[in-house]
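The values are calculated or read from the model by the stated rules, or taken from the named source; none is laboratory data. As the structure is a prediction and not an experimental result, all values here were calculated from the model. Don't worry about glycine lacking a Cβ; one is built from the backbone with ideal geometry, like all the others, and counts go over all protein chains shown.
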Amino acid sequence: MSDDDKNELPDKIYFKIGEVAEIVGVEPYVLRYWETEFPALRPGKSRSQQRLYRKRDVEVLLRIKKLLYDDMYTIAGAKRQLARSGDKGPSPQMDLQLPERPGAASGATPIEAEVLHKLERELQELLTLAEAEDA
C-alpha cells in the first residue's frame, strides 16, 4: 500500500461498513466475504451489531484489494503475502505450529515434518482449485 492510500483515510477511530466499502472501492458483501477468508480482519460490532472497522482494518483491506485485483493473487496467495509482510491474524494456516504426524516423514526432524505437512496441504489446495476449474 502506498503512503498516499494511508493519507487519504479520514482521521476517525471507527468506520462503518458502507464507509469502508466506498474507501476500498468494493461492495459491502465483498468485505464480509474477505472477513471469512482473512483472519486478520475482525471488525468489532456496535450495540446494534453493525460492523465497526478500525483504521488498521481499512489499511489491511486496501492491501488485500491490491493483492487480489492489481497483483492478481489468489486468496491463498494473498494470505501468504500478508503473512510475509506481518499482516497476519490468529489463523492456524498462517501460524504454522503443526504437530508432527506419525509416519509423515520417516526419520525427519519435527521441522522437516512440519514443512512437508505444509507442502502437502498446499498441494492439496492447488489440486482442489485445478479440479474446480476443470468442472
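Look through 85, 91 and report the one residue that is at pLDDT below 80 and over 18 Å from residue 14 (Cβ atoms).
Exactly one residue qualifies, and that residue is 91.
Scan the stretch 118-135 for residues that are of a type in the set (Gly, Ala, Ser) and either modelled with pLDDT of 75 or more or assigned to a helix (DSSP H, G or I) (or both) and jot them down.
Pass one, the stretch 118-135, residues of a type in the set (Gly, Ala, Ser): 130, 132, 135.
The answer is 130, 132.
For the stretch 12-33, which residues satisfy the criterion of being part of a strand (DSSP E or B) and within 18 Å of the chain's Cα centre (by Cα)? Outline the logic, then answer.
In the first step, residues of the stretch 12-33 are kept if they are part of a strand (DSSP E or B); the result is 14-16.
None - no residue of the stretch 12-33 is part of a strand (DSSP E or B) and within 18 Å of the chain's Cα centre (by Cα), so the list stays empty.
Quick test of your reading of the structure: residue 40 fulfils all but one of (1) outside any helix (DSSP H, G or I); (2) loosely packed, with under 14 Cβ neighbours inside 10 Å; (3) of a type in the set (Gly, Ala, Ser). Name the failing condition by number.
(2)
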